[in-house]
Structure formats: C-alpha cells, structure tokens
Amino acid sequence: MGTYRVAQVAAAGERFTIAEREQTPPGPGHVRIAVEACGVCHSDAYFVGGVLPGLRFPVVPGHEIAGRIAEVGEGTPEVWRVGDRVAVGWFGGSCRVCTPCRQGDFIVCRNLKVPGGAYEGGYAESVTAPVDALARIPDALSAEDAAPLGCAGVTTFNGLRRSAARPGDRVAVLGVGGLGHLAVRYAVAMGFETIAIARGPAKADFAKQLGAHHYVDSTGSTDVAQALQALGGAHVVLATATDSEAVSATVDGLTPRGELVVIGIDAAPLRITPGQLIMPARTVHGHPSGTAQDVEDTMAFSALHGIRPMNETMPLAQADEAFQRMMAGSARFRMVLTM
C-alpha cells in the first residue's frame, strides 16, 4: 500500500526526526485519515518527555488532527465515507466498558485513547483512528483552523458552556495565550460580560480586540481578586494559565457561589483555604477537553461566529522547529503542522 511520513521522537526527551511507515488498512470500526493539518499542543510535551505512563517509543504525538477519510475499515457505520472531512482531538476514542463509559461520560473514560499514546498521532501524513473519535469539520473551516479546535478549542468552549455562568454573567478568563485567546472570543459570543486577565498593560489592547469588555493586569498595583470585585465579582473564572499561584489569586474575586474552572496544568498545588470556599459557597473543579460530539459542536459554533485560532503553520518536515517554538513560547498562539 506504500509508505507515509511521520515525525517521531525515538526516546524520551529526544528531538524529532522524520521516518517512514508502511501503510496498512484500517481494522473493523476504524478509518484511515489522510492528515492535512495537526496542531502542536503544549501537552504534547508529556508525550515527548515520556511522562505519561505506558508510552512506547518511538512516539508520534499529535492530538489536534484534521484531514479526510482515505479508507474505511470493515464494520464501520455507513455514516462515514471516503472523502469526509474529519477531526480527531484529545478524545481519540473510549473503551465503552468502564463505569464512566457505561454511564455515558466518555471523556473521563478510564482507558481513554489519546492519539500519540494509544495509537500514533497526527504528526504524520496518515492516522488510523476509531470511528467514535471522529468529528465532522464544517465547510467554513480550513483544516489548519479546525485542527486546534480538537483540543484547545473544545477545552475552552466546553469549560465555558458547562460552567455555572449564564448569558449576562461576568466571566473572567485567566491567561490570553494559546487557549485564552479562544476562550475570550467564546465567552463574548456566549453573551458573557467578559474579563480578560493577563500579565502587563501591553496586552490590554489585544484583549479588547478579542472582544473583552474589561482587562485586568495581574502585575498592577491592585491584586486580581480586588480588581474582579471592583467589577462586581466574577461568576466564573476560566483558568487557562499554567501557573497555580496566578490561578489561586483569582478565588477571592469570585461572587458567592462563584466557580473556578481549571483547564491549565501546573505541577504546583493550588493555594486555596477551606474558608475561601465554604462561607461564599464557591466551587473549584477541573475540566477535561470533550468528546467527538463536543469537538463537532465547538467547530460549528466557531464557524457560526467567525472564531478562528491564531495560527502559525509549518510543514511536517519542520516538526522539531515547530515544537521547540511552542515550548519556548515564541510562536504565535497555535503552531500547526501542515502535510
């Protein structure tokens, strides 16, 4: 069937190299996708660094995949056909037999199939994935714009729409980076009074360009919680920043029964006291990405409201450079590999 190229790391922490794989047909309930674009997500570092349990090297990461179905395996539902435009995100399939799956809560499947770990990911010209991982890409979105929505997009979109906030409520987005720039635009489109929080006064104009109604400089003379309370308090804080200290600093800015939704990962613990939560009846919870249907919903909402990720693209052959730019924070908000 020929060969295809992948960008792989041969051992934990090594640099990317280009390799070839033999093409094989997809098995029952799977499809082979001709990859057109794949986002470079910060969480790919956990795969490259060998941090996640059960990884087998060489590793081909990539869980923000967009392309077209090139081949359909036996037993695949007829709703999926060759040529269909599809995306696969962090949710790369579920086991369907664990307790969360039997309860219909597939995103917290105990055996979640994340591309790059459960099977080779999207830093490749071809990916074979189970059909329950597939989300249809609307015609209005290019592959380059659809790819990051499979993780960065769905995580922020779902974090907001499943939160306690209702249209007209004040919602603060902590961090205006790879996730946060999408979160601000989603929050505005959902009808929230949107507060962007970031470091330094220089980002104020950019936050306003994204549609934020207010900007809070976390390095200013007034601390973040006081600034939020001066605006009336935030019903929800969506914490996209990967800084536990900055996340913890927002809690006292929440309204009574306010909610802190954490989607940015930091190894350091949050510093929150029971007293900050009990008397005002505040809540704190983590939020994973979303199922294939959630990804599809995110793409449809993005297409409807003209929301696109801010991308910088590079060809697959430059995967190592793209990854290093993402890790160094020198890239535009999302790095995307094109095939």
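The values are calculated or read from the model by the stated rules, or taken from the named source; none is laboratory data. Note that the structure is a prediction, hence the values are computed from the model and not measured. Every residue, glycine among them, receives a Cβ derived from its backbone with ideal geometry; neighbour counts consider all protein chains shown.
Quickly run through segment 272-294 and pick out the residues that are in contact with a helix residue (DSSP H, G or I) (Cβ under 8 Å, 6 or more places away or on another chain) and among the small types (Gly, Ala, Ser).
289, 290, 292
Need at least 1 residues that are touching a residue at least 12 places away in the same chain (Cβ under 8 Å) and of a type in the set (Phe, Trp, Tyr) per element, so show me which strands (runs of 3 or more DSSP E) inside segment 1-77 make the cut, counting only ones lying wholly within it.
3-8
In the set 258, 290, 275, which member is more than 20 Å from residue 235 (Cα to Cα) and out of contact with any Phe, Trp or Tyr (no Cβ under 6 Å at 6 or more places or on another chain)?
Working: 258 fails: more than 20 Å from residue 235 (Cα to Cα); 275 fails: more than 20 Å from residue 235 (Cα to Cα).
Every option except 290 fails the conditions.
Within segment 229-238, can one find any residue that is at pLDDT 95 or above, surrounded by 15 or more Cβ atoms within 10 Å (Cβ to Cβ) and within 18 Å of the chain's Cα centre (by Cα)?
Yes; the residues of segment 229-238 include at least one that is at pLDDT 95 or above, surrounded by 15 or more Cβ atoms within 10 Å (Cβ to Cβ) and within 18 Å of the chain's Cα centre (by Cα).
Please work out if residue 266 is more than 15 Å from residue 154 (Cα to Cα), at pLDDT below 95 and outside the structural domain of residue 121 (by TED's automatic domain parsing).
So residue 266 passes the test.
Only one of these conditions is not met by residue 76: (1) over 23 Å from the mean Cα position of the chain (by Cα); (2) modelled with pLDDT of 95 or more; (3) of a type in the set (S, T, N, Q). Which number is it?
Tallying (1) over 23 Å from the mean Cα position of the chain (by Cα); (2) modelled with pLDDT of 95 or more; (3) of a type in the set (S, T, N, Q), residue 76 fails exactly one: (2).
Looking at (1) exposed (fewer than 15 other Cβ atoms within 10 Å of the Cβ); (2) more than 23 Å from residue 3 (Cβ to Cβ); (3) in contact with a Ser or Thr (Cβ under 9 Å, 6 or more places away or on another chain), which is the only condition residue 27 fails?
(2)
Given the structure, is residue 254 in contact with a Gly (Cβ under 9 Å, 6 or more places away or on another chain), touching a residue at least 12 places away in the same chain (Cβ under 8 Å), farther than 21 Å from residue 157 by Cα and hydrophobic (A, V, I, L, M, F, W, C)?
no
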